[in-house]
Structure formats: structure tokens, C-alpha cells
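Novice: This structure is in C-alpha cells; I'll ask about it shortly.
The values are calculated or read from the model by the stated rules, or taken from the named source; none is laboratory data. It should be emphasised that the depicted structure is a prediction, and the values quoted were computed from it without experimental measurement. Cβ placement follows ideal geometry from the backbone for every residue including glycine, while neighbour counts extend to all protein chains displayed.
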Amino acid sequence: MVVTKRISALRGMRAVLGAEYAQCRQLQETLEQHLRLHAYAPIDPPMLENTELYLRKSGEGIAARLYEFDFKSRRVALRPELTASVLRACVEQLSGEALPLRLRYSGPVFRYEKPQLHRYRQFTLAGAELLGAPADYADAELLQVACGGLECVGIRDYRLVIGTSALLEGFLSALGLRKQLHNVLLRNMENLRKHGTDFVADSLRAIFPDFQLASPDRARADTPENQPLIHALREMTDEEAHSAISQFLRSLNIRIDANRAESQVIDRLLHKIREDQQAPKLRVALDFMARLSEIVGEPEPALAAAAQLCQAYAVDDSALKQLQLTLRRLADCGEPTGEIQLDFGLSRGLHYYTGMIFEIHGKTRAGEAIQLCGGGRYDKLVSILGGDSMPAAGFAWGIERIASALPAPPDSLRERTVCVIPVADEDVAACQAIAADLRARHIIAEVSADDRGLRRSLKQADRRGASLVIIIGETERATNSAVLRDMRRGAEQPVALTALPAAAADMLRQQEADHAD
């Protein structure tokens, strides 16, 4: 049973081989070079971190997806993303550096979640963080760099989806909801769009059992004649409310049942009064969220619709003005080739984003919709991790996802190799010397270790995808020559040993030219 559980935990961690590996490595290198040209300096965060780092960044919601374990009484985890590690390094090692800081990274990350199409438990991210720059300039730069990276690798037909977390966050904060309810709503923005308000109401009932979407028909405690008293109790601190209710009960000569402590009864009464106040606010919040999530489309009409909604709910529209400014800055950087869309229902884990958020979507080579990139602004995160408060934003590309949106890797990405075959033991030393000479010319070479005959060795070289084969036997040994075979064309020729490395290099170049044609 233990072995079965261990194997199950590793499902979704697949090996990447051959041409696909070469394609993914080439993508990483191209994207890193793209970031380097935009002045992003490299940083290589550790693979293992204290679990607390990720809980402080993303909250308990990420705990179920962490590969974590105890080591010498400390909880450690494989990184589920790289932003937290980058920011921790900034706080601990780069606090004296001049701002803004531009940092780039790439590497594997690990998340324990259900494997799906193009979603694995180990995958590769490449991305950037921009710290200490004004929001409008930084947000526009990151959008331009993220889109430009996709264009560099050949993806030009994509959809850039931009939203903002500040609008909903500001509305919920002004509404005066209890923090726990506030956080539940933030986490459920995406669920509201996918499953409706009833689904979110069920989530709220886990911490607010009496909540109903519609106002109940039963008589309420806060009738007009009771409203001043209830309002006063709601405005008091817990200690003040306890004292006032206790004095009120004594003035009426009302005694609490001896089986229940007076403080418990008062706690329950206060809880009921204050929850009754929260219920109508929750209904307003859900209505606002539902209407907000419906605003999706081209920037100009979407901004106009969001402005109307803000006016209807008396919501501060500074987040919209910030988004408009970012879009103008983006235009200054040069319009992306892909479509731009605003989506005010976009969430991306709103509990730590503080402003502009975005995703870039494309299609796989099979035509399926897929997210290729995502990121946003998180101005509070540096201070949460122990540093000075500063503006911060970033994004990451998914390497395997980008690879799935490109044509299947061609044979030209398969590394061209030369297999050197000794026919007899007496030929091994000469074959090793030939292989060493080829490697000195940066040509991949191996010496056949199969001692079951020439035919078998040729068959194995072909199965392994060798581009060329060099054979030395009795005749070649006597004439200081070798047989050079083109495995692509099936043609071969004798070549003097002194001319062999150059002849092999010429044949490999010809194979590449033939493939290009």
C-alpha cells in the first residue's frame, strides 16, 4: 500500500525525451535571451524552501497542492512556483540594490494536483519580476515583454486577457464584510462565473450556516423599533457590547439559565446580531460580483461598462483609471500582434494580487484552447515576506504549454550523432581515437559497445537514430582508412583516416541542408 501511494503521488511527472526535450530547451533559451535583452538579470532560486514561505504568499489554499515533508523538525516543500523564492532572495540578498529590480528565472516547479491534458505535476516555468517601478510603466512593460516572448518563439495568434483585482477588493473592503467572508468571496470569483451564485452561497454557508441568497420571509429582529439598539450594539467593541447587554438583562431582572454561562449566551446573541448585518452585504456583494464577471470584451466598451457598474454601486473607479493608463503605456510600447481583451471576472487567485492581472491564451497544435502565460501586480507581497513595501509585478510562461502550441518538433532538432563501429578488438583503439577527434570538432560521437557483429551494430545504430556510421575492419586497418556511411541516404564511401573528421562534418552539413530543402 505504501509503495502504491508513492507511485500515485508521482503520476503526472513525465520524462521529456529526444526532439521534444530539444524543443523545450530551445524555447527556454529563446525566452531567457528575450528577457536578457530587456535588461532582466538572471536569478536561480532554490528548488526547496520552507513551507511557511508559500503559505505566507498564497495562504492555506495552496497547502493541498504542495509536495512538502518534515526534515529535522522543519516543514519544507518543493517549489510550486518561483515568485516567492525570488522575492525572498530580494529581501535577504538584494535589499541594497538600486530600484527598479528586473529579474528573470526559469526551471521546474511541482504541484500536487490532478493531471490533465497539458497539466502535469512537474512542469517548467520561465518568467520575470519587476520590483520598485511605478505601476503604469511596469504593468505595460511586463505585458509587452510577455507578448513579445511568445512572438519571438513564433506564436503570433494569441489573446491577451487583462483584468484587475483592485476593483473587487476595493468594493468588498468598503462594504465592511467580515474578513473571513471577504476572503471566501475573493477565492470564489472564478467559481461564481463557472457555477453561479448558488455555488458560492454554498461555500459561504460553511462559515455562515444561516446565509440565504434571498431575504427570509420570517419576522426579523431588526424591526424599526429595535434598529437603534441593534445599530448601537453593532458599533460597540465586544467588551462594550457584553457589558451593555449584561447590564440590560439585570435591569429587567432576567436571569440566564444556570446550565449556560451568561457570557456564552451574550456571545451567541452578538454573533446573531452581527451576522444579520453581514447577510444583506453578502447579497449585495454577490450581485456586484455576478455583474462584474459579465463584463468581457474589447477595451473601450468593457471599460465603459465597468464605469457604469461602479457608478451604480458608488464604487471608487481609480482602478479603472489605472487600467486605462496601463493600456495607453502599452500602446506606447507597440501594440501586440494578438487580440487584446478586458475581462473583469478574471481572478488568478485574487487573495494576493493587488492590481492589474493578465493571462495569455492560445491554441495547441490540435486546436485546443490553452493558457500560455499569466501574471499580475502584487504590491503587498514583498512586505508580507519581510521586506520594505514596494510596487511589484511579474509573470511566467509555461514552457511545455508553449511547446504544445507550436508545430511538433522536427527531426532537425534531433541531435545528429556519429556511431563509430570497430569490427574486431584490434580496431577499438583506432575507433576511440576517431571519436575523440570528432568530439574535438564538437561532433557528437559514440563507439559501439555491441560485440555481436557488424550487422547487429549497424541495426542498433540505426535504431538509436545515428546520422553517420564509421566502420573500421581488417581492410580499413590495413589501409589506414574507414568506411563512412550516410544513414539517411544509405550510401557509403571509403575515406582516409586523415580526411575522416572533415568528411564527416561535410556529410552532416549536407544532411541538414537536405532537411531544410
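Novice: Which residues, taken from the stretch 13-24, are assigned to a helix (DSSP H, G or I) and under 15 Å from Gly398 (Cβ atoms)?
Specialist: Matches in the stretch 13-24: Glu20, Gln23, Cys24.
Residues are listed down the side, and each one gets a yes or a no for (1) surrounded by fewer than 22 Cβ atoms within 10 Å (Cβ to Cβ); (2) within 27 Å of Gln308 (Cα to Cα); (3) in contact with a strand residue (DSSP E or B) (Cβ under 9 Å, 6 or more places away or on another chain); (4) of a type outside the set (A, V, I, L, M):
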{"residue": "Ala128", "(1), (2), (3), (4)": "no, no, yes, no"}
{"residue": "Gln144", "(1), (2), (3), (4)": "yes, no, no, yes"}
{"residue": "Ser165", "(1), (2), (3), (4)": "no, yes, yes, yes"}
{"residue": "Gly170", "(1), (2), (3), (4)": "yes, yes, no, yes"}
{"residue": "Leu175", "(1), (2), (3), (4)": "yes, yes, no, no"}
{"residue": "Gln180", "(1), (2), (3), (4)": "yes, no, no, yes"}
{"residue": "Leu186", "(1), (2), (3), (4)": "yes, yes, no, no"}
{"residue": "Lys194", "(1), (2), (3), (4)": "yes, yes, no, yes"}
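Novice: Now, a different point. If we scan the stretch 103-112, do we find a residue that is over 15 Å from the mean Cα position of the chain (by Cα), in contact (Cβ under 8 Å) with a residue 40 or more places away in the chain and either crowded, with 20+ Cβ neighbours inside 10 Å or closer than 21 Å to Arg328 by Cα (or both)? Spell out how you get there, then give the answer.
Specialist: Keep residues of the stretch 103-112 that are over 15 Å from the mean Cα position of the chain (by Cα), which gives 103.
Imposing the further condition that a residue be in contact (Cβ under 8 Å) with a residue 40 or more places away in the chain reduces the set to 103.
Still in the list and also either crowded, with 20+ Cβ neighbours inside 10 Å or closer than 21 Å to Arg328 by Cα (or both): 103.
Yes; the residues of the stretch 103-112 include at least one that is over 15 Å from the mean Cα position of the chain (by Cα), in contact (Cβ under 8 Å) with a residue 40 or more places away in the chain and either crowded, with 20+ Cβ neighbours inside 10 Å or closer than 21 Å to Arg328 by Cα (or both).
Novice: Any idea how many residues of the stretch 452-480 are in contact with a strand residue (DSSP E or B) (Cβ under 9 Å, 6 or more places away or on another chain), surrounded by fewer than 18 Cβ atoms within 10 Å (Cβ to Cβ) and over 24 Å from Ala19 (Cα atoms)? Steps first, please.
Specialist: Of the residues in the stretch 452-480, the ones in contact with a strand residue (DSSP E or B) (Cβ under 9 Å, 6 or more places away or on another chain) are 454, 457-458, 460-462, 464-473, 475-476, 479-480.
Checking the rest, the ones that are also surrounded by fewer than 18 Cβ atoms within 10 Å (Cβ to Cβ) come to 454, 460, 462, 464-465, 473, 475, 479-480.
Add one more test, that the residue is over 24 Å from Ala19 (Cα atoms), and what stays is 454, 473, 475, 479-480.
Number satisfying all stated conditions: 5.
Novice: Ala331 - would you say it is over 25 Å from Asn188 (Cβ atoms) and small (Gly, Ala, Ser)?
Specialist: yes
Novice: Can I ask one more? Which one is surrounded by the fewest Cβ atoms within 10 Å (Cβ to Cβ), of the residues in the stretch 117-126 that are in contact with a Pro (Cβ under 9 Å, 6 or more places away or on another chain) and part of a strand (DSSP E or B)?
Specialist: Selected residue: Gln122.
Here is a yes/no grid of residues against (1) modelled with pLDDT under 95; (2) more than 30 Å from Ser347 (Cβ to Cβ); (3) part of a helix (DSSP H, G or I); (4) of a type in the set (Asp, Glu):
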{"residue": "Ala244", "(1), (2), (3), (4)": "yes, yes, yes, no"}
{"residue": "Ile254", "(1), (2), (3), (4)": "yes, yes, no, no"}
{"residue": "Asp257", "(1), (2), (3), (4)": "yes, yes, no, yes"}
{"residue": "Arg260", "(1), (2), (3), (4)": "yes, yes, no, no"}
{"residue": "Lys272", "(1), (2), (3), (4)": "yes, yes, yes, no"}
{"residue": "Pro280", "(1), (2), (3), (4)": "yes, no, yes, no"}
{"residue": "Leu286", "(1), (2), (3), (4)": "yes, no, yes, no"}
{"residue": "Gln311", "(1), (2), (3), (4)": "yes, no, yes, no"}
